[in-house]
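Presented below is the structure to which this report refers.
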Amino acid sequence: MEENSILVKDLCKKFDGFLLDHVSFHVPKGSITGFIGENGAGKSTTINLLLNNIKKDSGQVYIFGREHTENKIKSGIGVVFDECNFNDVFTTKDIEKIMSGVYKTWDSSFFNYYIKEFKIPQGQQISSFSKGMKMKLSIICAMAHKPELLILDEATTGLDPVVRDEILDLFLEFIQDEKCSVFFSSHITSDIQKIADYVVLIHKGKIIFEEKKDDLVYNYGILKCSKEKFNSISKDDYVKYKETNLSMECLVCNKEKAKQKYKNFIVDNATLEDIMLFYVKGGKA
């Protein structure tokens, strides 16, 4: 258990019209785990359960090998949601003063370095900041008290590509000591594909898969054929399929094997977004 920053077993939570159904996954130390799924799939619910913001119905959640309800773990976690929660009247100097009083491990030199590095105005109120500036400030604050785990819920949503790239690089720096970890929820699958070591896909409250990112991207593929030839493909050779105006497309989990067996068909690479869409919207084999 101590090899994981997060370990979740059979986590359940029922709401009117939604069930988080026996969710299980882990986040190894020193890694970035991407948590993907469509809006309403259960990503934010899962994160709020991890943080004990809402109470689970059943299941087990361990953070740093301890029950997630223990107060001892809180100082080791940095959390960022999709909105900045600081009062708009504050400046960065106000934030630094407040946070340094809250956290014994607060690193003022880290905070001030990245405030300057990310060109965040130091004398202006937060109300004047762009969304990108607000999110960068939130992430810097989450990291400046030296946590061992970052939990991020759609933290890059709505940001322009340049700002997102800066933030993703910061996450990569964060895990370099192999002790710190990131659990990163996002529906921007290109961000997950760029930095994640592992990927967890949730759909309608259930975990569809938990895989190494490289295995997904390197092994999965999309086999394309005419509608007339679709029936010649064995159902054992694809995971999901979908129909386009002109052809049939099948998600295969071993694209090299598919290329060898179906030499007259096209087999393209699959992005993480392709894989998610097939699982969420595709038909079953």
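The values are calculated or read from the model by the stated rules, or taken from the named source; none is laboratory data. All values derive from a computational prediction rather than experimental measurement. Note that we place each Cβ from the backbone using ideal geometry, even for glycine, and neighbour counts take in every protein chain shown. Protein only, heavy atoms only, side chains kept; ligands, DNA and RNA dropped before computing areas. Shrake-Rupley method; radii C 1.70, N 1.55, O 1.52, S 1.80 Å.
Which whole-percent values make up P(r) of region 1-69 when all C-alpha to C-alpha distances are grouped in 5 Å steps starting at zero? That works out to 4, 17, 28, 27, 16, 6, 2, 0, in percent per bin. For region 199-285, the set of trypsin sites (Lys or Arg not before Pro) satisfying both a DSSP loop assignment and a count of at most 12 other C-beta atoms within 10 Å is given as Lys227, Lys263. The H on the amide N of Ala270, modeled in the peptide plane, is under 5 Å from the matching H of Ile222, each at least 5 residues off or on a different chain. For region 1-90, the share of accessible area belonging to carbon and sulfur comes to 45 percent (1.4 Å probe, ligands and nucleic acids excluded). With all projection directions averaged, the alpha carbon convex hull of region 1-129 covers 9.9 nm². From the cross-link list Lys13/Lys104; Lys43/Lys131; Lys14/Lys194, which pairs have alpha carbons spaced over 30 Å apart? Table pairs above 30 Å Cα-Cα are Lys13/Lys104; Lys14/Lys194.
Expressed as a whole percent, the accessible surface of region 151-285 that belongs to carbon and sulfur atoms is 46, based on a 1.4 Å probe. Solvent-accessible surface of the chain, taken per residue with a 1.4 Å probe and all protein chains present: 50 Å². With contacts taken as Cα pairs under 8 Å at a separation of at least 6 residues, the chain carries a relative contact order of 21 percent.
Region 54-99 and region 224-268 have their alpha-carbon centroids 45 Å apart.
Shown here: Kirkwood radius over Cα pairs in Å, derived from the displayed model; of the candidates (1) 25.0; (2) 20.5; (3) 19.3, it corresponds to (2). Contact order, relative form, for region 36-181: 28 percent (alpha carbon pairs under 8 Å, 6 or more residues apart, mean separation divided by residue count).
For Thr69, Thr45, Thr92, the ranking by accessible surface with the largest value first comes to Thr69, Thr45, Thr92, using a 1.4 Å probe.
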